[in-house]
Amino acid sequence: MESQQTLIDALIKAQSQMGHAVFDQTNPHFKSKFASLKSVIDAVKPALNANGIAFVQKSIPMEHGIAVETVFHGHGDTLPTGPVPVPIDRENAQGFGSALTYAKRYSLAMACGISADEDDDGNAAAN
C-alpha cells in the first residue's frame, strides 16, 4: 500500500509538469483538430519518466472492437487505469490499426489527465 501511495504521489508530481498535447492533426470528417498519439506521448512521457514512472499499454480484444488499458509502473507498484474500448469500423488490418491507435491515444490522455481533442460539447457523439 505504501508503494502505491508513492506511485500516486509521483504521478501527481508528473501531472503538474505536463501540458496538454499539441493538436497536430485535423479530422477531415468533422473538421476538428486533435493530437496524434505521438503528440500525446511527447506531452506525458518526459514528466512521467522524470518522476520514476513508466507506462505500458495493453490491448484487450473485444467483439467488434479493441480496448486498451494504460498501466503505470514505478516505485515498486503498478496502477492500472481501466480499459478504454473503441469499436472497429472496418474488419481489416487498417480498421484494427486505426481503432488501436485511437484507443491508445484516448487511454493515455485520459490516464494522464490531459486534453487530446477539441471539446465539441458532445456534438460529434450526438450525431
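Taking only pairs six or more apart or across chains, which ones have beta-carbon atoms under 6 Å, a first residue in the range 1-25 that is closer than 10 Å to residue 75 by Cα and assigned to a helix (DSSP H, G or I), and a second residue that is open to solvent by less than 40 Å² (accessible area, probe 1.4 Å) and hydrophobic (A, V, I, L, M, F, W, C)?
7/79; 10/53
Cβ contacts < 8 Å: first residue under 14 Å from residue 60 (Cα atoms), restricted to the range 93-115; second residue assigned to a loop (DSSP other than H, G, I, E, B) and open to solvent by less than 50 Å² (accessible area, probe 1.4 Å), any location; separation 6+ or different chain. Result?
Partner pairs satisfying both residue conditions: 96/88; 99/88.
Pick out the one residue from 59, 39 that is assigned to a helix (DSSP H, G or I) and of a type outside the set (Val, Ile, Thr). Spell out the reasoning first.
Details: 59 fails: assigned to a helix (DSSP H, G or I).
From the options 59, 39, the qualifying one is 39.
If residue 90 passes every condition in (1) among the basic types (Lys, Arg); (2) crowded, with 16+ Cβ neighbours inside 10 Å; (3) over 13 Å from the mean Cα position of the chain (by Cα) but one, which one does it miss?
So the condition that residue 90 fails would be (2).
For the range 42-52, indicate whether the set of residues that are part of a strand (DSSP E or B), touching a residue at least 24 places away in the same chain (Cβ under 8 Å), closer than 22 Å to residue 20 by Cα and open to solvent by 20 Å² or more (accessible area, probe 1.4 Å) is non-empty.
Taking the range 42-52 as the starting set, the residues that turn out to be part of a strand (DSSP E or B) are none.
No: the range 42-52 contains no residue that is part of a strand (DSSP E or B), touching a residue at least 24 places away in the same chain (Cβ under 8 Å), closer than 22 Å to residue 20 by Cα and open to solvent by 20 Å² or more (accessible area, probe 1.4 Å).
The values are calculated or read from the model by the stated rules, or taken from the named source; none is laboratory data. Note that the structure is predicted; figures quoted are calculated from it, not measured. Note that we place each Cβ from the backbone using ideal geometry, even for glycine, and neighbour counts take in every protein chain shown. Ligands, DNA and RNA are excluded from the accessible area calculation, which covers all protein heavy atoms including side chains. Shrake-Rupley method; radii C 1.70, N 1.55, O 1.52, S 1.80 Å.
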